[in-house]
Amino acid sequence: MGLPSDVIFARAVQLLVTLKGEGNIDWRFYAQAFGVFEQYRLSETLIKRASYKNWARSFLQIIEEVKGEIFAIDFIKYILKNELDFNNKKDIEQDRELLIELEMINESEEINKEKVSIDFGIITVKNCERDAINEVLNLEKRRDSDGFICFEGSVKHLKSGKEFNIIHYSGDQGNVEVSPFVSKLLKWNPNYIIMIGIAGGISSNKVKIGDVLVSEKIIYYSKMKLTDSKQERRPSEYKPDTLLWSNFRNFPSSKEEGKWVNNIKPEYRTELFNKLGKPIVHYGPIFSGELLVKSKNKVEELLDIDKKTIGFEQESAGVFEQTRYDIDRPRTISIRGTSDLADNPNSETWDDYHEYASNVVATYFHEFLKNGELEPKKKV
């Protein structure tokens with residue numbers, strides 16, 4: 001019996017410490033890497049191919065480039081501790097030694113310099129989303145240990161008097177494009193990850209411009225099977241964390257409902273409340289895909305997947321998919337401000353609505369942090 005491929009992959013981590021600075025790996029291959037890894041695990045005969053060592057080396061470069069050295073080592077430790085099952089005593093001893101070596105590396109100050117824990121990690125993609133969150137939450141610009149720009153700050157939870165520590169990365173638009181920025185955020189070991197931004201609302205489900213959308217689930221609708229005669233959609237669903245969903249679902253309380261809008265920028269309250277109505281909060285499914293939808297017919301077609309869907313966006317499926325592979329599995333949810341109406345191509349749209357919707361959802365989240373029932377709780 002040949003060595004299981006995941007063991008060969010685990011041993012390849014010995015190359016990891018020499019990989020820094022060797023070559024430039026395109027992070028776009030990262031999404032393919034897990035699929036390739038699964039193929040090798042499922043077919044042991046493939047591990048005898050001469051190209052396997054080079055593939056393992058490239059895979060490790062991708063892992064380190066996108067998720068960082070801490071993740072790569074933690075991931076291999078996870079494999080070693082939970083997936084080894086073979087009979088060669090010599091091999092067992094070799095991998096025990098490797099595990100000890102990995103433990104020693106992981107304890108080093110160099111590797112652990114950013115192994116910290118924060119309460120909330122935030123992902124945005126558009127400039128208006130980034131600026132609104134930074135302004136409302138009073139976050140300050142900084143560089144992480146790899147030189148990437150992020151934003152840091154805290155918000156006081158009024159009931160407990162404790163502080164929520166926050167790190168914010170602003171990435172690129174799209175489910176694939178946002179992935180490396182989620183990876184950067186995961187290095188901070190967040191308790192919670194929030195995807196915050198704007199979305200196209202669905203007016204047939206009583207959503208209007210300015211309203212807040214809280215994800216009951218994320219539906220990735222872009223998967224499909226195409227034949228000469230038809231196309232068959234094969235949607236995937238991502239459920240938000242139960243704790244976050246419960247807390248957002250019950251905020252604001254019926255007694256406090258509507259008061260949070262008083263903290264939206266005065267110029268928006270003056271100019272747009274009369275025109276659009278005061279923002280309200282909707283709870284329901286949100287579509288996430290690769291299309292920028294602005295078509296009544298297309299919306300009606302996609303609503304066959306779930307009639308209760310309240311909006312469209314392009315990143316949350318990527319965020320949820322990325323956090324699935326993190327060992328600590330941070331609690332994740334998506335909240336959105338409605339900047340236009342996907343099923344009303346004639347609805348007005350200008351940059352003020354993008355900025356307005358960004359400010360509304362940032363204000364809603366700020367009020368949730370200050371006045372919600374969820375309290376800061378650091379990881380041990």
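The values are calculated or read from the model by the stated rules, or taken from the named source; none is laboratory data. If you're wondering where the values come from, they're calculated on a predicted model, not measured in any experiment. Cβ: placed from backbone, ideal geometry, glycine included. Neighbour counts: every protein chain shown.
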Handout entry: Within segment 172-210, considering residues that are hydroxyl-bearing (S, T, Y) and modelled with pLDDT under 90, the one farthest from E315 (Cα to Cα)
Key = S183
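Please find, among N112, N88, the residue that is closer than 20 Å to N191 by Cα and at pLDDT below 95.
Step by step, each of N112, N88 is checked, and only N112 is closer than 20 Å to N191 by Cα and at pLDDT below 95.
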Problem - Residues located in segment 315-330, provided they are outside any helix (DSSP H, G or I) and touching a Pro at 6+ places or on another chain (Cβ under 8 Å) - result: P330
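From the list K278, K307, K298, K294, exactly one residue is within 19 Å of Y364 (Cα to Cα), more than 24 Å from the chain's Cα centre (by Cα) and not small (G, A, S). Which is it?
Unique residue meeting the criteria: K278.
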Practice task
Please give the number of the condition I166 fails out of (1) more than 13 Å from the chain's Cα centre (by Cα); (2) surrounded by fewer than 23 Cβ atoms within 10 Å (Cβ to Cβ).
Solution key: (2)
Problem - Condition check for L186: in contact (Cβ under 8 Å) with a residue 60 or more places away in the chain, crowded, with 21+ Cβ neighbours inside 10 Å and out of contact with any strand residue (DSSP E or B) (no Cβ under 6 Å at 6 or more places or on another chain) - result: yes
Handout entry: Residue list for segment 120-163, filter: assigned to a loop (DSSP other than H, G, I, E, B) and closer than 23 Å to L244 by Cα
Key = V125, N138, L139, H157, L158, K159, S160, G161, K162
Fill in the blank from the handout: By my count, helices (runs of 4 or more DSSP H) wholly in segment 214-314 with at least 3 residues that are surrounded by 17 or more Cβ atoms within 10 Å (Cβ to Cβ), hydrophobic (A, V, I, L, M, F, W, C) and assigned by TED's automatic domain parsing to the domain that holds R324 are 242-249
Exercise for the section: Return the residue satisfying two criteria in turn: it lies in segment 190-213 and is within 19 Å of the chain's Cα centre (by Cα) and not in a strand (DSSP E or B), and of such residues it is surrounded by the fewest Cβ atoms within 10 Å (Cβ to Cβ). Expected result: N191
Fill in the blank from the handout: A careful count of residues in segment 128-148 that are more than 22 Å from N263 (Cβ to Cβ) and either in contact with a helix residue (DSSP H, G or I) (Cβ under 9 Å, 6 or more places away or on another chain) or surrounded by 13 or more Cβ atoms within 10 Å (Cβ to Cβ) (or both) gives 5
